[in-house]
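Visitor: Quick one: this structure, given as structure tokens, is what I'll be asking you about.
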Amino acid sequence: TFSEVIDLDCLYIDKTEYIWNMIHLSKYIFLSRPRRFGKSLLVSTLQAYFEGRKDLFKGLFIETVEKEWTEYPILRFSLSTAKHCNKEELLLELSNKLTHYEAIYGKGAADEVKPNQRLKGIIERAYKKTGKKVVVLIDEYDAPLLDVVHEEEKLPVLRNVMRNFYSPLKDCDPYLQFVFLTGITKFSQLSIFSELNNLMNISMDEEYAAVCGITKEEMMTQAYDYIERLANANKWTNEETVRQLAKQYDGYHFTWPSPDIFNPFSLLNAFARNRINNYWFASGTPTYLIEMLRKFDVVPADISNMQALASDFDAPTENMASITPLLYQSGYVTIKDYDCTSLLYTLDIPNGEIRIGLMDSLLPNYVSMRKEAGNTTIAKMYLALNKDNLDEMFSLLQAYLLTVPYCDNANSEGHYQQLLYVIFSLFGRYVEVEVHTPTGRVDIVMKTDKALYLFELKLNMSAQAAMKQIDLKDYASKFALSGLPIVKVGINFDPERRTIGDWKVEDA
């Protein structure tokens, strides 16, 4: 909560200039950002401003421009308490929230029973009782719908409940001062907000690219003491600390061009604990994401370097034709480039934390339910790679795969290609599949600090046959200017035993 951050003298990155611009931009504003990106803090900052709490804004931008500090009646709804609900539970949760404001502004007539009727009545009575227009702040507007986005029967039912609840916001326009809605996904404005066609979506506006999250400039100027503390705790230089933080948490862009934006939840946790770790992913991987990845049959390598029009990834979530909108709006991919001629955006995984967390979530698709043993094996494989001992690395994987229960896809080369892609990504390494060369495509390319590895995979053949293809098509010549030693790796998978048959490693 903004007031608590200020009262406890915590670190607060000043976002009040964005707030000032926002409230003078439009009466109705919508913003989507990934979870734990500071949306609720933004909502509570808006609440403090419209409560006229001048004392909380001392030293912040908005103090220099606001002269009146008017107190408005505020209706703030957080729908985060309405997750995992059926229709009856959702209606009860909405009723409880409305009852709270009816206790303040009075109950309506006996026929005022539906959520939309009660919300309309509360807004009108708040206006009449205070003589001031009403501010409506809705946080996590989409929370009741996210967990059922993959369920074709439940989604329309709950969507109708929420559409009914939000419907008075247009009719009550004469009584409203400001309306702000925030959430993760972009459900269709037509279906959720009904006639609210004047709702301004600032989610991809360049002026508001950094309204949530922390830019590198903000970190370097307003949080530099924490950078120094983290550096001292880990015996790094300040410059190395900034590089490590950027590699792990930076890289978000919600429009183009955009400043580099750090994940605020992870960055602040790293500062608080003096340790770089996967904090955002550890706070919970949404089940709806994994369900939708399965529904759309997304293979891990497809998540990197996607190209799409804005209408493809900033699209309404409930009628999406691909996983792209959900991956983007949930923060698992972000904008990395834009071509103004074709209007195509390049989307990719933002940073190391997301890549490792996402691949870790996808690993059970390839190693069944033995995830813990799989993670231990991968850690040992990583140590072997660091020692340049590929024989040990593949011996570990060979022995481990023999313990994995039967998988329907284990008789395809693509299955093993994606398995290795996930594992190498979990190493935190640069990895690509199907890399084009003048003479063909390399199955996997992996780059470490010490070498560039070219992998050719075969199924039910031999490692020698794989190595022969690398040499015959002279794959190594494309990478001769990489500045790293090139290592050729041929691997043959045995579909009957469902593991590695043999492998061959040679320097180029």
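Visitor: At 0.36 nm per residue, and after removing the present C-alpha to C-alpha distance, how many nm does the segment from THR99 to LYS387 gain when stretched out fully?
Guide: Taking 0.36 nm per residue and subtracting the Cα distance, the gain is 97.3 nm.
Visitor: For the chain, just list the percent of Cα-Cα distances falling in each 20 Å bin from zero outward, please.
Guide: For the chain, the pair-distance distribution reads 20, 48, 26, 7, 0.
Visitor: For the range 119-254, what number results from the quotient of the Cα radius of gyration and 2.2 N^0.38 Å?
Guide: It is 1.49.
Visitor: Run the Debye formula on the Cα coordinates of the range 198-246, all scatterers equal and no solvent, and tell me log10 I(q)/I(0) at q = 0.14, 0.24, 0.31 1/Å.
Guide: So the normalised log intensities work out to -0.47, -0.85, -1.14.
Visitor: So what J values fall out for the range 156-164 if you push phi through Karplus, 6.51 cos²θ - 1.76 cosθ + 1.60 with θ = phi - 60°, rounded to Hz, Gly and Pro as x?
Guide: x, 5, 5, 4, 5, 4, 6, 4, 4
Visitor: What accessible area, in Å² to the nearest ten, does a 1.4 Å probe give for SER32?
Guide: 10
Visitor: Starting at the first residue of the range 204-216, write each ³J(HN,Hα) from the Karplus equation 6.51 cos²θ - 1.76 cosθ + 1.60 with θ = phi - 60°, in whole Hz, x for Gly and Pro.
Guide: In residue order, the calculated couplings are 10, 6, 4, 5, 10, 4, 10, 5, 10, x, 10, 7, 4 Hz.
Visitor: Using Cα atoms only, what is the angle between the long axis of helix 264-273 and the major principal axis of the chain, expressed in degrees (0 to 90) to the nearest 10?
Guide: The helix 264-273 is inclined about 80 degrees to the chain.
Visitor: Also, quick follow-up: Mind listing the Cα extents of the range 443-508 along all three principal axes, in Å, largest one first?
Guide: The Cα atoms of the range 443-508 stretch 40, 25, 16 Å along their principal axes.
Visitor: So for the range 250-354, what are the equivalent ellipsoid semi-axes in whole Å, largest first, each being the square root of 5 times an eigenvalue of the Cα gyration tensor?
Guide: They are 24, 18, 11 Å, listed from largest to smallest.
Visitor: I've got another one for you. Just the number: Rg to Rh for the range 13-62, Cα atoms, Kirkwood Rh, two decimals.
Guide: 0.95
Visitor: Next question, about the same structure. Let me know the volume per residue of the alpha-carbon convex hull for the range 438-481, in Å³.
Guide: 78
Visitor: Could you tell me what a quarter of the Cα convex hull surface of the range 324-368 works out to, in nm² with one decimal place? The partial results should precede the final answer.
Guide: On the way: hull surface 15.1 nm².
Averaging across all directions leaves 3.8 nm² for the Cα convex hull.
Visitor: Looking only at the chain, where both bridge partners belong to it, what percent of the DSSP beta bridges are antiparallel (to the nearest 5)?
Guide: Looking only at bridges with both residues in the chain, the antiparallel portion is about 55 percent.
Visitor: Moving to a separate point now. Apply the Karplus parameterisation 6.51 cos²θ - 1.76 cosθ + 1.60, with θ equal to phi minus 60°, to every residue of the range 39-55 and state each ³J(HN,Hα) to the nearest whole Hz, in sequence, with x for glycine and proline.
Guide: Per residue, the Karplus-derived 3J(HN,Hα) values read 5, 5, 5, 4, 4, 5, 5, 4, 4, 4, 5, 6, 7, x, 7, 4, 4 Hz.
Visitor: Can you pull the one-decimal nm distance between simple spin-label points at LYS107 and GLU217, each 7 Å off the Cα toward Cβ?
Guide: Here the modelled spin labels are 5.4 nm apart.
Visitor: Between ASN375 and ALA321, what length comes free when the chain is fully extended (0.36 nm per residue of separation minus the Cα-Cα distance, one decimal in nm)?
Guide: Working: separation 54, 0.36 × 54 = 19.44 nm, distance 3.30 nm.
So the chain would gain 16.1 nm between ASN375 and ALA321.
Visitor: With every protein chain present, what accessible area does CYS340 have (1.4 Å probe, heavy atoms only), rounded to the nearest 10 Å²?
Guide: The accessible area comes out at roughly 100 Å².
Visitor: Starting from 0.36 nm per residue, how many nanometres of slack lie between SER482 and HIS24 once their C-alpha separation is accounted for? It would help to have the intermediate numbers written out before the result.
Guide: Working: separation 458, 0.36 × 458 = 164.88 nm, distance 5.14 nm.
In short, 159.7 nm is gained.
Visitor: With N set to the residue count of the range 1-130, report its C-alpha Rg divided by 2.2 N^0.38 Å to two decimal places.
Guide: Details: Rg = 16.9 Å, N = 130, 2.2 N^0.38 = 14.0 Å.
Here the Cα radius of gyration is 1.21 times the empirical estimate.
Visitor: Find the centroid of the Cα atoms in the range 120-176 and in the range 452-508, then give the distance between the two in whole Å.
Guide: Spelled out, the Cα-based centre of one part sits 58 Å from the other.
Visitor: Can you give the three extents of the C-alpha atoms in the range 369-508 along their principal axes, from longest to shortest, in whole Å?
Guide: Between the extreme Cα coordinates on each principal axis of the range 369-508 lie 42, 29, 20 Å.
Visitor: Can I ask one more? In the range 52-121, which trypsin sites (Lys or Arg not before Pro) are in a loop and have at most 13 other Cβ atoms within 10 Å, using DSSP for the loop call?
Guide: Working: sites: ARG53, LYS54, LYS58, LYS67, ARG76, LYS83, LYS87, LYS97, LYS107, ARG118, LYS120; in loops: ARG53, LYS58, LYS67, LYS83, LYS107.
Answer by residue number: LYS58, LYS67.
Visitor: To continue, here is another question. Rg (Å, one decimal) plus Dmax (Å, integer) for the alpha carbons of the range 122-182?
Guide: In order Rg, Dmax, the Cα atoms of the range 122-182 give 14.4, 45 Å.
Visitor: May I pose another question? Using alpha carbon coordinates only, what is the Rg to Rh ratio of the range 178-315, with Rh defined as the Kirkwood radius?
Guide: We get a ratio of 1.02 for the range 178-315.
Visitor: Where in the range 217-263 are there trypsin sites (Lys or Arg not before Pro) that are in a DSSP coil and have at most 13 other Cβ atoms within 10 angstrom of their Cβ?
Guide: When the trypsin sites (Lys or Arg not before Pro) of the range 217-263 are filtered for loop state and at most 13 Cβ neighbours within 10 Å, LYS235 remain.
Visitor: Which angle between 0 and 90 degrees, to the nearest 10, do you get for helix 352-362 versus the longest principal axis of the chain when only C-alpha atoms count?
Guide: Taking the Cα atoms of the chain, the angle to 352-362 is about 80 degrees.
Visitor: How big is the accessible area of LEU327 in square angstrom, nearest 10, if you roll a 1.4 angstrom probe over the protein chains?
Guide: About 0 Å², rounded to the nearest 10.
Visitor: Let me ask something additional. Counting other C-beta atoms within 10 Å, and keeping those with at most 15, which DSSP coil chymotrypsin sites (Phe, Trp or Tyr not before Pro) do you find in the range 67-140?
Guide: In loop regions of the range 67-140 (DSSP not H, G, I, E or B), the sparsely surrounded chymotrypsin sites (Phe, Trp or Tyr not before Pro) are TRP69.
The values are calculated or read from the model by the stated rules, or taken from the named source; none is laboratory data. Keep in mind that this is a model prediction, so the values were computed, not measured. All Cβ positions, glycine included, derive from the backbone under ideal geometry; neighbour counts span all protein chains shown. Just so you know, the surface numbers come from the protein's heavy atoms only, side chains and all, with ligands and any DNA or RNA stripped out. Shrake-Rupley method; radii C 1.70, N 1.55, O 1.52, S 1.80 Å.
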